[in-house]
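Okay, structure first, notes after.
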Amino acid sequence: MKEDPSVRAKRTIDVVNPRTGCVDYHVTPPTKREIADVCASLRSAQSAWCDVGVEARAAALMRWADEIMRDHAQIAAAECLDTGRYRLAAESPAGLAATLRAWAVKAPSVIEAAALEGRSSAVTTIGFRTNCVPFELVGVISPWNFPLAMSLVDAVPALLAGCAVIIKPSEVAPRFVEPLVRTLERVPELASVVRYVVGGAETGRELIDNVDAVCFTGSVSTGRRVAEQCGRRLIPAFMELGGKDPAIVTAEADLERAVAAVLRGAVFATGQMCFSVERVYVSESIHDAFVDRLVESCEALALNYPDIHRGHIGPFILPRQAALVDEQIDDAIERGARLRTGGKSQILGGGRYMRPTVLTDVTHDMKIMREETFGPVIPVMRYGSVDEAVRLANDSMFGLSAAVIAATERAAADIGVRLHAGGVSLQDTTLNGAVLRDAEKNSFKQSGIGPSRIGSSALTRFLRKQALITNAGSCAALQDLGEYQPNG
Ligand code: NAD
């Protein structure tokens, strides 16, 4: 039955352009029925996708990478509108293509290594081997900060594992989907096992009700709701949530290096990165010199306005986020923080921008030191001893990542291992992004749940292990039991 256009119009979501503040795009989320149908069609295509083997799946992803590069300009243009960023958007399709290719090369050996073969240590006639069984259908729910990359970071290893994938990107930044899907359609075997559905929370909830495992990237509060829904269905929920990442700068650190690393880590992408530096602890012996140099470096940066091709700090993607950051700055100043440079957001050409902002004299009573900021704000706090710095850095509900800049890598590592965070950058900040396919890391505390989403575990988490167990010896009679005790 055809849907009444007025009902459909009511479901339509307006999408705001971050540079103009105007609505210039709309999405109409699928109905409950449409989502169920998409999931049924993905499930029916999945077994063939699984049966062709990992080499054929890798070849399909290689071809998709080529198609993405063919249309990179259109995809980048859409992501530029989604995010208000020119350079990062321009580089994004090539980054994705490189990720697809690297995963395609790596996947066969990861899958091979996941399968064990051996003999029972209890009964030598009994042998076993592992059959890796992918989840049929994985649901991905992603955020708006890096719309293209975040929608595929979990989907690519899931596809290589042999799963079908349904992806719900953020309704805040969905323009990239149309040009991306056009490239996908040119690789039909892949198009039959990957679908995007665009919508908000309701679409996310429907998706969860139709899949076998969920990969969620987003805020802690939404993550909790998603995990609860997955818990009710008893399906795995892999959660990558927010952060409030600390950086510790010791008395012996190279000042220039520390300032450069902290500044980049805190304001890259306007601070709208889950593993941005959001708290800085500096030894009191260099605190003032560090702050002076940091302020100077901040003031040398320019807003990426009015010319999108120039400057360093783009607009907030979500206007509501700017208001939240303003509120944190107000709260900090009311409680005694000193604003050293920058300040609250300003509206320019309809977009919301914020200069790199440094706050000192901050305390852990302030929201700016406790809640995720997701903006270009650098609160700096002095510490007396390394023990105090470690205690302050660990005084957070988050445990995504952290950084330590000390005299030497060894000295930084000695502090780094004491931090309750899944990824610790030494002598630099925000290095997580560089080891996406290589290292392994978990998100600690409320920053996430589940196996590493980077490295080999990113793929093996989608494989359920089926043990095929054979007995080459005689079949034990009930009376013989006692020679071995099956455990279970
Ligand atoms: P969000 O939690 O508001 O939304 C994330 C996604 O969840 C969106 O697609 C949204 O539509 C969907 N959603 C909302 N309610 C839902 C529900 N009830 N059921 C199912 N889906 C629902 O997050 P955001 O504002 O889009 O993104 C910013 C957050 O993402 C920050 O907290 C940031 O730290 C986090 N993030 C984390 C990582 C990481 O790897 N840990 C990476 C990027 C962003």
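Assorted remarks:
- For the stretch 241-291, a residue qualifies if it is of a type in the set (D, E) and in contact with a Phe, Trp or Tyr (Cβ under 7 Å, 6 or more places away or on another chain), and the qualifying residues are D245, E284.
- Qualifying position, being at pLDDT 95 or above, in contact with a Lys or Arg (Cβ under 9 Å, 6 or more places away or on another chain) and assigned by TED's automatic domain parsing to the domain that holds Q74, among L207, L255, L180, L234: L207
- If only residues of the stretch 168-207 that are of a type in the set (V, I, T) and near the ligand (Cβ under 9 Å from one of its atoms) are counted, the one that is surrounded by the fewest Cβ atoms within 10 Å (Cβ to Cβ) is V172.
- All positions within the stretch 275-304 that are of a type in the set (S, T, N, Q) and in contact with a Ser or Thr (Cβ under 6 Å, 6 or more places away or on another chain): S283
- The set of residues in the stretch 144-157 that are in contact with a strand residue (DSSP E or B) (Cβ under 6 Å, 6 or more places away or on another chain), crowded, with 24+ Cβ neighbours inside 10 Å and closer than 23 Å to N17 by Cβ contains only S151.
- Those helices (runs of 4 or more DSSP H) lying entirely in the stretch 1-114 with at least 2 residues acidic (D, E) and surrounded by fewer than 19 Cβ atoms within 10 Å (Cβ to Cβ): 32-51, 54-70, 87-114
- Options V123, V133: the member that is part of a loop (DSSP other than H, G, I, E, B), away from the ligand (no atom under 16 Å from the Cβ) and either within 20 Å of W103 (Cβ to Cβ) or over 19 Å from the mean Cα position of the chain (by Cα) (or both): V123
- Residues being assigned to a loop (DSSP other than H, G, I, E, B), hydrophobic (A, V, I, L, M, F, W, C), open to solvent by 50 Å² or more (accessible area, probe 1.4 Å) and away from the ligand (no atom under 11 Å from the Cβ) are entirely absent from the stretch 449-470.
- Candidates are the residues of the stretch 415-448 that are open to solvent by 40 Å² or more (accessible area, probe 1.4 Å) and among the β-branched types (V, I, T); the one that is farthest from the ligand (Cβ to nearest atom) is V417.
- Of all the residues in the stretch 208-222, those that are touching a residue at least 40 places away in the same chain (Cβ under 8 Å) and either near the ligand (Cβ under 9 Å from one of its atoms) or open to solvent by 30 Å² or more (accessible area, probe 1.4 Å) (or both) number 9.
- Among the residues making up the stretch 249-263, none is surrounded by fewer than 16 Cβ atoms within 10 Å (Cβ to Cβ) and closer than 19 Å to E278 by Cβ.
- For the stretch 264-290, the set of residues classified as open to solvent by 20 Å² or more (accessible area, probe 1.4 Å) and of a type in the set (S, T, Y) consists of S285 only.
- Filter result for V7 (more than 24 Å from the chain's Cα centre (by Cα), farther than 27 Å from P319 by Cα and of a type in the set (V, I, T)): yes
- Conditions (1) within 25 Å of T270 (Cβ to Cβ); (2) open to solvent by less than 10 Å² (accessible area, probe 1.4 Å); number of the one not met by A389: (1)
- Of the strands (runs of 3 or more DSSP E) entirely within the stretch 311-414, those holding at least 2 residues that are within 17 Å of L294 (Cα to Cα) and away from the ligand (no atom under 15 Å from the Cβ) occupy 338-341, 357-360, 377-383, 401-405.
- Residues being within 13 Å of the ligand (Cβ to nearest atom) and in contact with a Ser or Thr (Cβ under 6 Å, 6 or more places away or on another chain) - total across the stretch 233-248: 6
The values are calculated or read from the model by the stated rules, or taken from the named source; none is laboratory data. Nothing here was measured: the structure is a model prediction, and the numbers come from that model. Counting neighbours? That spans all protein chains shown, and the Cβs are built from the backbone with ideal geometry, glycine included. Heavy atoms of the whole protein, side chains included, go into the accessibility calculation; ligands, DNA and RNA do not. Shrake-Rupley method; radii C 1.70, N 1.55, O 1.52, S 1.80 Å.
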